[in-house]
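The values are calculated or read from the model by the stated rules, or taken from the named source; none is laboratory data. Remember, it's a predicted structure, so these values are computed and weren't measured experimentally. Every residue, glycine among them, receives a Cβ derived from its backbone with ideal geometry; neighbour counts consider all protein chains shown. Remember, those area values only see protein heavy atoms, side chains included, never the ligands or the DNA or RNA. Shrake-Rupley method; radii C 1.70, N 1.55, O 1.52, S 1.80 Å.
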Amino acid sequence: MGSCRNDLTVGRAGRLVILGASGDLAARYLLPALAELSEQRCLPEDFSVVGVARDRWDDTRFRAHAAARLAEHAADVDPSAQADTVARLRFVRGDAGDPGVVRRAIDGVESPVAIYLALPPAVFPTAIDAVAAAGLPAQSRIVVEKPFGQDLDSARALNARLHDTFVESAVFRIDHFLHKQTVQNLLGLRFANRLFEPLWCAEHVERVDIVWDETVALEGRAGYYDHSGALSDMVQNHLLQLLSLAAMDQPEGLDEQRLRDAKVAALQAVRRLDRAAVRRQTIRGQYLAGRVEGREIPDYTAEDGVDPTRDTETFAEVTLFVDNERWRGVPFRLRTGKALQRNRREIAIRFHPVDHLAFGQPADPQPNQLVLQIDPDEVILDVALNGAGDPFQLDHVQLDLALPAQEQSAYARVLLDVIDGDAALTIRADEAEESWRIVEPILDAWDHGVVDLRTYRAGSLGPDAPQGET
Ligand code: BG6
C-alpha cells in the first residue's frame, strides 16, 4: 500500500484532464501512475480522467490504446486496477489550444480539476491561453511539464502568462526527481542527524558530485531531445534541484512556502559563469557508435530525426560554486550523459581528510565520503577503521545501507500531489527563473563555440574518462 493523504486544505481534484493524451508521457508515465494509484486505492471514488488529443479517436479507441500501454508499462499492476483505470477514461478529440475543446473536457464536473500539459513545450503558451479562456472550477490547478522555457526570457514569459490566470499555488511545475525516495531522504539525513548537519559546510566538505550517468541512448526522442540537449534536459532542472536540496539551509518547515524559499536562496547564491569560467568549468560531449549493455548504439548523429548540424550534446558536466558563507570555495560538480557504460545516479559528499593523523603510514589515507545512490537506493558511508591484522594500520570500509524499494513510483507521487493540491514538491516560478539564470550563460557560451564538443564512445565512461577507459 502506498500512502494517500487525508489532511487536505484545498479541494481534491475530481478530474484529471491530460492535454496530449496520445503521447509518450501519458503512455509511459501518467497512465501507469494512475493504475498504480488505483491499485493502492488512492484515487477518489468518482475520479475521472479525460484525454485530449488530435487523433481521430473516440472513448473506445482511447481505452484500447490505454489498455495496451498499461499492459506494456504497468505489467506489474494488478489487472483489475488496470481495468479500473481504463474504465475511468474518456476522450475528447481536438486541439489543446482551442478553449471549446478544454470546455468539453471539463464538462459536467463541479469539483476542482487538474489540467496536465503533456504537450510539446512549443504548445504550452496556446494551451495555457485556452485553459484560461475556458474557465475552470474554483481551486483547479494546472500542471506544466519540463522543460519550463528554453531560456530566462521564455521562462519569465511563461510565468507571466500563467499568473494572468492562476495563483502560484495552483501552478504545478513538475520535476519528478523531487519525488524520488532517496532525493527526499537527503532532507532527513541532513537535517535529522547531528552526525551530518554540523559537517555540512565548506569547513568539512571538500566537494559535492551530483552524477546522473545513464545507459539509455536517444530512445526515439529526437524530436524533443535534439532541440534540448543534456544541459537543458537534465542540468537546468533535475540536477539543479538536487544541488538546491544538498546546498540549502534548513527551512523552518517543509511546507510549500518555506521549503521552496530555502531552495531558491541556495540557487540565488550560485555564481553565474562568465565565458572564461564556462571554458574552464564545463564539458560537453556527444556519443559515437558503440555497445551498451549488449545493445549496438549508432552514432548520435545517425539516430533517426537528429540534425547533425545542431551539435546537440548528449553529455554535460558543469562545476558550480555556491557563493555563501556555508559553501565558500566548494565545487559542486553536476554531470550527466546518455549511452554511458553504466547507470550511476548519485549525490556524493566528499569530506576533507582529518587535520592530523596519528597513524604513521596509512596505506591509503582516503577521506570520508557519503554517497546517496538513487535507483537502486543505497546510502554508503566510506570510513577508516583499524585494520584486521596490524591494529595500527588503517583499513577502509563501506557502511552500506540498501533501502527498500520505493512504494510508489515518482510519477504516482506527482499525480497524488496534483490531485491533493499540494505544491511543496514542485518548482516555484522564481526557482525556474533562477535555474535559467544559472544555465543561460553556459548555453550561450556553448552556442558561441567557447567549449568544443568532445566525442565519447557509447558504452564508455564519457568524454572525460582517462585514456584507455573510453
Ligand atoms: C527525464 C529526461 O526528465 O528524466 C530523460 O528527459 C531522463 O532524458 C530522465 O532519462 C531520467 O529520469 P528517470 O526517472 O527515468 O531516471
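If you build the convex hull over the alpha carbons only and average its shadow over all orientations, what do you get for region 123-240? Give it in nm² to one decimal.
Details: hull surface 43.2 nm².
Averaging across all directions leaves 10.8 nm² for the Cα convex hull.
Sorted from largest down, give the three principal axis spans of the alpha carbons of region 364-433, whole angstrom values.
Here the Cα extents, ordered largest to smallest, are 60, 31, 14 Å.
Using unit Cβ charges (K, R positive; D, E negative) and no other charged atoms, how large, in debye to the nearest 20, is the dipole of the chain about its Cα centre?
That gives the chain a dipole magnitude of about 640 debye.
I'd like to compare 257-269, 390-402: which one has the highest average count of other Cβ atoms within 10 Å, and what's the full order after that?
Listed from highest to lowest mean packing, they are 257-269, 390-402.
State to the nearest 20 debye the size of the charge dipole of region 53-145 about its Cα centre, where the only charges are +1 on K and R beta carbons and -1 on D and E beta carbons.
220
Find the percent of Cα-Cα distances in region 29-116 that exceed 23 Å, and round it to a whole number.
In whole percent, the share of Cα-Cα pairs in region 29-116 beyond 23 Å is 22.
Tell me which of Ala384, Val306, Pro365 sits at the most positive position along the dipole axis of the chain, charges placed on C-beta atoms (Lys, Arg +1; Asp, Glu -1).
Highest projection toward the positive end goes to Val306.
Which of the GluC sites (Glu not before Pro) across region 308-344 are loop residues per DSSP, with 16 or fewer other Cβ within 10 Å?
Glu325
Got a sec? Charge dipole of the chain, +1 on Cβ for Lys and Arg, -1 for Asp and Glu; which of Ala81, Leu19, Leu340 is way out at the positive end?
Highest projection toward the positive end goes to Leu19.
Kindly point out, ordered by number, any Cys in the chain whose beta-carbon has no other cysteine beta-carbon under 4.7 Å away.
Cys201
Taking a quarter of the surface of the convex hull around the Cα atoms of region 168-317, what do you get in nm²?
12.0
Would you work out which of Ala222, Leu254, Val211 lies farthest towards the positive end of the dipole of region 202-272? Charges go on Cβ: Lys and Arg +1, Asp and Glu -1.
Selected residue: Ala222.
Please report the projected area of region 80-180's Cα convex hull averaged over all directions, in nm².
It is 7.7 nm².
As a test, work out the antiparallel percent of DSSP beta bridges whose residues both lie in the chain, rounded to the nearest 5.
Within the chain, antiparallel bridges account for around 55 percent of the total.
Once both labels are modelled 7 Å past Cα along the beta-carbon direction, what's the Asp355-Glu325 spacing in nm?
Distance between label points: 2.0 nm.
Over region 338-460, what per residue volume does the convex hull of the Cα atoms give, in whole Å³?
236
Counting Lys and Arg as +1 and Asp and Glu as -1, each charge on the Cβ, what is the dipole of region 14-67 about the Cα centre in debye, to the nearest 20?
Values: 7 positive and 8 negative charges, 38 e Å.
Roughly 180 debye for region 14-67.
Give me the Kirkwood hydrodynamic radius of region 72-119, using the inverse of the mean 1/r over all pairs of distinct Cα atoms, in Å to one decimal. Display every interim value, and only then the final one.
Working: mean 1/r = 0.0761 Å⁻¹.
Result for region 72-119 stands at 13.1 Å.
Convert 4 °C to kelvin, take the viscosity as 1.567 mPa s, use the Kirkwood radius over C-alpha pairs of the chain as Rh, and evaluate the Stokes-Einstein diffusion coefficient in µm²/s, rounded to a whole number.
Answer from the Stokes-Einstein relation: 54 µm²/s.
Could you tell me the accessible area of Thr309 in Å² (1.4 Å probe, neighbours in place), rounded to the nearest ten?
For Thr309, solvent-accessible area is about 120 Å².
Which percent of Cα pairs goes in each bin when the distances of region 314-397 are cut into 5 angstrom slices starting at zero?
So the P(r) values, bin by bin, are 3, 11, 15, 17, 17, 15, 12, 7, 3, 0.
Just to compare against my own numbers: the Cα pair-distance distribution for region 128-169, 5 Å bins, whole % per bin, please.
5, 20, 31, 25, 13, 4, 1
For region 50-92 and region 318-345, what is the separation of their Cα centres, given in Å?
Each part reduced to its Cα centre gives a spacing of 40 Å.
Over its Cα atoms, what ratio of radius of gyration to 2.2 N^0.38 Å does region 146-205 give?
Output field value: 1.67.
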